[in-house]
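*Asks:* Next up is a structure, given as structure tokens.
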Amino acid sequence: MKPDKIKSDKMKSDKMKPDKIKPDKRRKSEMFSKALWEYARRQYDSRLPFMGYLKNEIWRNMEMCTPEEQLLMKFFYGTMPLRDMGEYGFDVFLAFVRHGLMLRENVEWCRRLPEEIFLHNVLYYRINSENIEDCRPFFYEQLWERIQGKTMTEAVLEINYWCAENGTYETSDFRTISPLTMYKAGAGRCGEESTFAVTAFRSVGIPARQVYTPKWAHCDDNHAWVEVYADGDWHFLGACEPEPVLDKGWFSNASSRTMMVHAREFSDYGNQESCFRQGELPCYNNVTFRYTKTRELEIKVEDSRGPASHARVYTELLNSAEYGSMAVLDTDEDGSAVLCTGMGTLHLWAAMGEKTAEALIDTRQQDKVLLTLTEEQAPAGVWRDIDIKAPEEQNLCKVTITREQKNQNRRRMQEAAALRAGRIRSYYKAELAEKYPEGQEFLRLAAGNFDQIFRFLAKDDNPDRAGLLRSLSRKDYLDARADVLEHHLQYAGTYRLEWEEKEKRELYEQYILCPRIFYEELTCYREEILKYFSQEEKRRFREQPETLWRYVREQTFYEEIYDYSTIFSTPLNTLQFRFGNPMSQKILCAAILRTLGVPARISQAEQEVEVYQGDKFVKISGTGEEQKAPERVTLTLKRKPEENWNYYQNWTIGQFRQGRFITLDYQGLEFETLEQKLELEPGLYRIITANRLPGGDQLAAEYKFCLEPGLPQEAELRMRTGQPEELLVSRQLEDFDLKEDGHIINASALTAQGVHILAFLEPGEEPTEHVLNEMYQLRENFRALEAGICFAVREERIRKTPAWERLLKAVPEIKVVTGDFDELTEPLARRMYTDPEKLPLLFILNPGLKAVYAGSGYQAGSVNLLLELLKANGA
């Protein structure tokens, strides 16, 4: 396969190519049920009032379709997020319909599927919030020959190996790239991996869906994986993370501690599982019961007049030091709502109009709760301690694999990694990139999008080309098109000299030239925006940007029930279709301002539109748009010298807006001194601090306070610390192999005699060097304890740094072994619910590989903590 073009091998039989298959000409009653015909018509008709200028065009295209195609296109248009209707052409959706019909007619396992599973989990074009492209035929051609002669389960396992050959995990920003972009990139975050894998399964008629835990209860993260419907039941697997069997993945233990797992669908047709909606379009199938023990929680909301119907209830988990939404419910006429959830601590927040209520409950002990709505009162400004309990690990479904299966899987994963890396490397054309030193990094990051970025970079010597590329996000290099970048370059260039004369080149590049505003798709819009408005309107918007924000709000409607809040419309779609969620409206406002030469952005902390005026950025969106933004007030946060505060790790601050607290995004903020000043608008705020214990529980605290205009305030952050015995856990590790003096030895045998420290180290790397130095300083304390110490290093030659040699000379009892870190460290870290990305990895083990503590990475005091925990463990 040539790396610069997505091509597929010739298939064995042309008759199975999607574009060669004609839809079934049987009467509609034979292929699809009468209930579906009625549902699709009803849903489609309900959308007609919102189609606007697209209505006639859609109908003209419908008339060219077969009856079955019309049925499924009506199903799409009647259920899709409304912005998709204006964002993508009719032909894109029709391509998904025709591919789905081909599968339904020609693939035996697809033909046997229940109708609703086919519609939701094979046919449907959208999986998450990815960009939509006609991609199913490409995946089909990659996979069809590969799965010939296999059972459905065998095909699922084989397809996941193909996924691993073409994609792996890589942390990235919030925007979800398309499956084709994931293929060209070779990597993506878990939401992108699972979207990629679901696309692969659906392309050959295997029902698949992305399942998602919005927030883990036992650690600060979330995760998405895949369920497939094979041989009559749903099974889970890790996307692009093959195992030799189904219902196994690194997250198996973690998912048994979850409070919520749900699968997203865009229609409620024929839904048989526990389903809820969150005020917006997708239906959420609550599949938590598949992974852990659950409880049905009955929530009752009332106010002074009785039951509060249509109140909104946010069920939240404390994760990353903020209350993150797990599910959003609306109460019925009796003021009631019901949720099936896991067994741990939940934070509930109810709101209706100006009234709110909250409660913290432990679902292990409570299955009913009453929330009484009242007017929010100004808090006294005192810290309140909060104890959060994580669910206990369950063992509901344990699948075992043999050593032979493990070895074969390891071999196939190594082969997959080599294939993937080789393909991605081949995209980079060094002889072309060398001509543009300033663009080499962009071209390397572009992977399979190399040709597009190179075409833009190489067109001429316009000095803005490199500047525009610098302004993009890292992920943009993977799917930005040359023509789109060229469009923004040409139209923004009008304003370059104006800002160069002001010596503000960086301001011009970041907030006028840059096409990236938030997480929307990158498209051409400047030419159409300039045509859309009169000269008088453009003059007014430049001189009075706040009038533009009012215009956008007045001209754009929004209906929550037709929207999926994590998808953002492109500026031109919002402008022409006149529909957009609140963030899409802000994106449009900023896009118009940049088109008119006014530096504009979405602020990181508050996510509001800001324009550059008088040498600073000024907010123009948000509540109270009719008035000038209020003067900000200084909040001074103080910390103790020994404390380290990391935003979204152990503290956050939220602002009370429209009935609930919204976390401000200060990611990356660091205390450089003992004080940190924040400039905030007057209002009600809540600070949350959290100390996550190794077992998953949290010692948290919250502080609510009011900032009054013109009155600066101070607050000292409060960190709760646990007793050493609270930090101990009990986790059984599976045995694994290490090498001592070149001979294989089981870890259980190595640590059989008494308590042991087992440390996976990388001598020469700064975190490991810190650990070695601290252990040397405390060497006598360690020698006084009855605990063995074992250092595991990579199988390559050890870097004998001064710190390494000094410690081993001082403590010769330390055993040194080697191991395959690529195979060992991630599953061990995940088993202990600690960060698998960070080394060193430190364990305290009791005999029999009973782990009582694990820590990853290095923080000041890590080694002292080991000593305290060894004492608490009886060493």
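The values are calculated or read from the model by the stated rules, or taken from the named source; none is laboratory data. No experiment lies behind these values; they were computed from the predicted model shown. Because the Cβ atoms are built from the backbone with ideal geometry, glycine has one as well, and the counts that use them run over all protein chains shown. What goes into the accessible areas is simple: the full protein's heavy atoms, side chains included, and nothing from ligands, DNA or RNA. Shrake-Rupley method; radii C 1.70, N 1.55, O 1.52, S 1.80 Å.
*Asks:* Can you tell me which condition Ala230 does not meet? The list is (1) under 17 Å from the mean Cα position of the chain (by Cα); (2) open to solvent by less than 10 Å² (accessible area, probe 1.4 Å), and all the others hold.
*Replies:* All conditions are met except number (1).
For every residue, the table says whether it meets (1) open to solvent by less than 20 Å² (accessible area, probe 1.4 Å); (2) touching a residue at least 60 places away in the same chain (Cβ under 8 Å); (3) over 25 Å from Gln43 (Cβ atoms); (4) part of a loop (DSSP other than H, G, I, E, B).
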site	(1), (2), (3), (4)
His235	no, yes, yes, no
Met259	yes, yes, yes, yes
Tyr269	no, yes, no, yes
Leu281	yes, yes, no, yes
Glu298	no, yes, yes, no
Val313	yes, no, yes, no
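*Asks:* Could you check the range 331-383 and list, in sequence order, the residues that are of a type in the set (Val, Ile, Thr), part of a strand (DSSP E or B) and out of contact with any helix residue (DSSP H, G or I) (no Cβ under 7 Å at 6 or more places or on another chain)?
*Replies:* Passing the criteria: Val338, Thr345, Thr356, Ile361, Val369, Thr372, Thr374.
*Asks:* Among all residue pairs at least 6 apart or on different chains, which show Cβ distances below 8 Å where the first residue, located in the range 844-865, is more than 13 Å from Pro724 (Cβ to Cβ) and the second is open to solvent by less than 10 Å² (accessible area, probe 1.4 Å) and hydroxyl-bearing (Ser, Thr, Tyr)?
*Replies:* Leu845/Thr751; Pro847/Thr751; Leu849/Thr751; Tyr858/Thr768
*Asks:* Same structure, new question: Can you tell me which residue among Asn56, Asn121, Asn131 is of a type outside the set (Gly, Ala, Ser), open to solvent by 10 Å² or more (accessible area, probe 1.4 Å) and either at positive phi or touching a residue at least 24 places away in the same chain (Cβ under 8 Å) (or both)?
*Replies:* From the options Asn56, Asn121, Asn131, the qualifying one is Asn131.
*Asks:* Across the range 377-406, what is the number of residues that are over 27 Å from the mean Cα position of the chain (by Cα), over 30 Å from Glu708 (Cβ atoms) and either surrounded by 12 or more Cβ atoms within 10 Å (Cβ to Cβ) or hydroxyl-bearing (Ser, Thr, Tyr) (or both)?
*Replies:* 6
*Asks:* Give me the helices (runs of 4 or more DSSP H) completely within the range 781-875, filtered to those with at least 2 residues that are open to solvent by less than 20 Å² (accessible area, probe 1.4 Å), at pLDDT below 95 and farther than 18 Å from Gly754 by Cβ, ordered by residue number.
*Replies:* Helices (runs of 4 or more DSSP H) meeting the threshold: 802-810, 821-831.
*Asks:* Ok, one more. Restricted to the range 430-482, and to residues that are outside any helix (DSSP H, G or I), of a type in the set (D, E, K, R) and without any contact (Cβ under 8 Å) to a residue 60 or more places away in the chain, which residue is surrounded by the most Cβ atoms within 10 Å (Cβ to Cβ)?
*Replies:* Looking at residues that are outside any helix (DSSP H, G or I), of a type in the set (D, E, K, R) and without any contact (Cβ under 8 Å) to a residue 60 or more places away in the chain, I get Arg481.
*Asks:* I'd like the full set of residues that are of a type outside the set (Gly, Ala, Ser) and outside any loop (DSSP other than H, G, I, E, B), limited to the range 211-233.
*Replies:* Residues satisfying the conditions are Val211, Tyr212, Thr213, His223, Trp225, Val226, Glu227, Val228, Tyr229, Asp233.
*Asks:* Can you tell me which residues in the range 542-563 are farther than 19 Å from Ser621 by Cα and open to solvent by 10 Å² or more (accessible area, probe 1.4 Å)?
*Replies:* Residues satisfying the conditions are Glu559, Glu560, Ile561, Tyr562.
*Asks:* Follow-up question, since we're still on this one. Restricting the search to the range 137-147, which residues are open to solvent by 10 Å² or more (accessible area, probe 1.4 Å) and either within 14 Å of Thr79 (Cα to Cα) or in contact (Cβ under 8 Å) with a residue 40 or more places away in the chain (or both)?
*Replies:* Those that are open to solvent by 10 Å² or more (accessible area, probe 1.4 Å) and either within 14 Å of Thr79 (Cα to Cα) or in contact (Cβ under 8 Å) with a residue 40 or more places away in the chain (or both): Pro137, Phe138, Glu141, Gln142, Trp144, Glu145.
*Asks:* Could you give every pair whose Cβ atoms fall below 9 Å, whose first residue belongs to the range 651-662 and is at positive phi, and whose second residue is part of a strand (DSSP E or B) and among the hydroxyl-bearing types (Ser, Thr, Tyr), counting only separations of at least 6 or pairs across chains?
*Replies:* Final answer for the pair search is Gly659/Thr356.
*Asks:* Also, I was wondering about something else. Could you grab the pairs with beta carbons closer than 6 Å, sequence gap of 6+ or different chains, first residue in the range 77-106 and in a helix (DSSP H, G or I), second one polar (S, T, N, Q)?
*Replies:* Gly78/Gln43; Thr79/Gln43; Thr79/Ser267; Arg83/Ser569; Gly86/Asn573; Glu87/Asn573; Phe90/Asn61
*Asks:* Within the set of pairs 6 or more residues apart or between chains, which connect a residue that is more than 18 Å from Val328 (Cα to Cα) and touching a residue at least 12 places away in the same chain (Cβ under 8 Å) inside the range 555-567 to a residue that is surrounded by 12 or more Cβ atoms within 10 Å (Cβ to Cβ) and among the aliphatic types (A, V, I, L, M) with Cβ atoms less than 9 Å apart?
*Replies:* So the pair list comes out as Gln555/Leu575; Thr556/Leu575; Thr556/Leu588.
*Asks:* Look at Ala187 and say whether it is surrounded by fewer than 24 Cβ atoms within 10 Å (Cβ to Cβ), of a type in the set (Gly, Ala, Ser) and closer than 28 Å to Gln667 by Cβ.
*Replies:* Taking the combined requirement at face value, the residue satisfies it.
*Asks:* Would you tally the residues in the range 426-454 being within 29 Å of the chain's Cα centre (by Cα) and of a type in the set (A, V, I, L, M, F, W, C)?
*Replies:* Within the range 426-454, residues that are within 29 Å of the chain's Cα centre (by Cα) and of a type in the set (A, V, I, L, M, F, W, C) number 7.
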